[in-house]
Amino acid sequence: MEITKRVSRIIICALFLIVALWSFASHATTKTLAYSFSHDASPIIAERKLDVLTSYAKSLIAHIAKDAGYNLQTSAGHDGELSVILNIVKTEANTEEYFWLTPVFSFDCLKFTLPCTPNFDDKASLGVAYIALEKNAAASAIEQHLVELISDYKVSSAFYQLANETISLVRPHMPDATLQYGVLSLHGDMVSDASNLWVIADVVPLFSQLDERGRLKGIAVELVKGVLNDMGMSAAILSAPWKRIAKEAMTKSNVLVFSIVKTQERDAVFHWVTPVSRNYHGLYGINTPVFPSLDALPKTYTIGTIQEDYRNEIAIKYNLKIRSFETWDELVEALYKGDVDLAFGSKAGLDFGCKLASLNCNGITESVTSGVSTAYLALSKKQTSILVFERLKLAAAKVRKSESYRSKLAAWSKMVARDYSIVHHTNNGVVHLWKKE
């Protein structure tokens, strides 16, 4: 009997230990997104008895947090925590302080004597309350992922149900309330003229390249055509070198460009509409050693790059000796001839160059891993209406999920694998240029 009791105690202790360890492990792996509310729009909410706008904003972020795999909890105010602020009004003074994930509702800022939001629509009297992410290193890593999830959600039936239920509760107090481009407008229709969009493609093999008759073709072109069609537009798609694209985007409004790799330096110039492709990039060589970082590369090495490619900017930043080439096949041939020590690019780009040069590239290996880059459909920021940006994001989300685009993407994917042996897969309408794990 005593032995039985001891065994029972041991089993119970073991179970408690297992439960404790499981609880600890679950807690350790749980990602947390903290939230707090701004008081910026409190005068509107209090005066018009619109507490529903508070619960509406929380419902939005709760859905996104769930989709992103985060546990949502109230902010403790700790430094470095991943934290969103709900219903914060975007102003000229705070524009650079946060990542602005999505607009929640708009209002007449002059009527309520509150700060206005610059360049939101074609009028100058709107204030817009947002869900914003506090800037820190952790936020930088997930900001665009959250924006993508929000865009996907805002074209779903679940979102429209939530928004329409909210509007029905708002209208007794604000009769002109309506939903427009994913934004709950308390003042009626907003105005955004996208008729003068200037659409320019950076020529990228397989994604946006010129055919024998000088017409643009490729999967990125199909995506952009779908977006323009969804917005009821038929703008011509032009092509230009990157330097020309950059110049136009920095000096003009409503310049829509693709496919542009997102970098920190380009954040000041572009709104990032939707991802087109993601790619691992690094430095590749033949029988070259592996280096832990770009800093560790011998200064005597000559690095081959593609002209006007963003990796040129990185190479210059690290004071590397560069030799640039116009095409991927020229770069690969230079690597095999020993004209360059390493090629700065992507595995997919090198595979493409090897195919064109009729070379067996099994001997090319990675010497330095640099990271993952994402190429986007992007919109110039200069004096461009933010509402145009919001319209484009929603149109792109709809196209990426559409059967028509998915069918074109599947056909393109088969062609790329068959004709160029490029390893890749697709995820949510975005091309990932590496093997699916």
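For every residue, the table says whether it meets (1) assigned to a loop (DSSP other than H, G, I, E, B); (2) among the aliphatic types (A, V, I, L, M).
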{"position": "S55", "(1), (2)": "no, no"}
{"position": "L60", "(1), (2)": "no, yes"}
{"position": "D67", "(1), (2)": "no, no"}
{"position": "L72", "(1), (2)": "no, yes"}
{"position": "G77", "(1), (2)": "yes, no"}
{"position": "G80", "(1), (2)": "yes, no"}
{"position": "N87", "(1), (2)": "no, no"}
{"position": "T91", "(1), (2)": "yes, no"}
### Query
From the residues in the stretch 103-124 that are part of a loop (DSSP other than H, G, I, E, B) and among the polar types (S, T, N, Q), which one is surrounded by the most Cβ atoms within 10 Å (Cβ to Cβ)?
T117
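Can you spot a residue in the stretch 187-200 that is farther than 30 Å from T117 by Cα and buried (at least 16 other Cβ atoms within 10 Å of the Cβ)? Break it down into steps so the answer makes sense when it comes.
At the first step, the residues of the stretch 187-200 found to be farther than 30 Å from T117 by Cα are none.
No, the conditions are met nowhere in the stretch 187-200.
When the residues of the stretch 293-304 are filtered to those that are surrounded by 14 or more Cβ atoms within 10 Å (Cβ to Cβ) and of a type in the set (A, V, I, L, M), which remaining residue is farthest from A240 (Cα to Cα)? Working first, answer last.
Of the residues in the stretch 293-304, the ones surrounded by 14 or more Cβ atoms within 10 Å (Cβ to Cβ) are 294, 297, 301-304.
Still in the list and also of a type in the set (A, V, I, L, M): 294, 297, 303.
On the way: L294: 30, L297: 33, I303: 25 Å.
Ranking the candidates gives L297 first.
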### Task
Answer yes if at least one residue in the stretch 281-298 is under 27 Å from the mean Cα position of the chain (by Cα), under 16 Å from T374 (Cα atoms) and in the same structural domain as Y376 (by TED's automatic domain parsing), and no otherwise.
yes
### Query
Before we move on, is G218 touching a strand residue (DSSP E or B) at 6+ places or on another chain (Cβ under 8 Å) and under 24 Å from A411 (Cα atoms)?
yes
#### Entry: Elements of type strands (runs of 3 or more DSSP E) contained in the stretch 341-437, each with 3 or more residues being without any contact (Cβ under 8 Å) to a residue 24 or more places away in the chain
425-427
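For residues that are in a strand (DSSP E or B) and touching a Gly at 6+ places or on another chain (Cβ under 8 Å), scanning just the stretch 305-321, find the one that is surrounded by the fewest Cβ atoms within 10 Å (Cβ to Cβ). Working first, answer last.
Here is the first cut: in the stretch 305-321, the ones in a strand (DSSP E or B) are 305-306, 321.
Among the residues that remain, those that are also touching a Gly at 6+ places or on another chain (Cβ under 8 Å) are: 305-306.
Values: T305: 25, I306: 20.
It comes out as I306.
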### Query
Within the stretch 313-330, which residues are in contact (Cβ under 8 Å) with a residue 24 or more places away in the chain and within 17 Å of S373 (Cβ to Cβ)?
E313, I314, A315, Y318, W328
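Considering only residues of the stretch 150-174 that are part of a helix (DSSP H, G or I) and β-branched (V, I, T), which is nearest to the chain's Cα centre (by Cα)?
Step one: filter the stretch 150-174 for residues part of a helix (DSSP H, G or I), giving 150-153, 157-170.
Still in the running and β-branched (V, I, T): 150, 166-167, 170.
Values: I150: 11, T166: 28, I167: 29, V170: 32 Å.
This residue is I150.
With a cut-off of at least 3 residues that are touching a helix residue (DSSP H, G or I) at 6+ places or on another chain (Cβ under 8 Å) and in contact (Cβ under 8 Å) with a residue 12 or more places away in the chain, name the strands (runs of 3 or more DSSP E) lying wholly within the stretch 175-269.
Values: elements: 178-180, 183-185, 198-201, 237-239, 255-261.
By residue number, 198-201, 255-261.
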### Summary
Of A417, A348, A375, A396, the only residue that is buried (at least 16 other Cβ atoms within 10 Å of the Cβ), assigned by TED's automatic domain parsing to the domain that holds V276, small (G, A, S) and modelled with pLDDT under 95 is A348
### Task
Filter the stretch 55-80 down to residues that are hydroxyl-bearing (S, T, Y) and modelled with pLDDT under 95 and give me whichever is farthest from N136 (Cα to Cα).
T74
### Summary
Within the stretch 262-292, the residues that are more than 17 Å from E390 (Cα to Cα), surrounded by fewer than 22 Cβ atoms within 10 Å (Cβ to Cβ) and aliphatic (A, V, I, L, M) are A268, I286, V290
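The values are calculated or read from the model by the stated rules, or taken from the named source; none is laboratory data. Because the structure is a prediction, the values reported are computed rather than measured. FYI the Cβ positions are ideal-geometry reconstructions off the backbone, even for glycines, and counts take in every protein chain you see.
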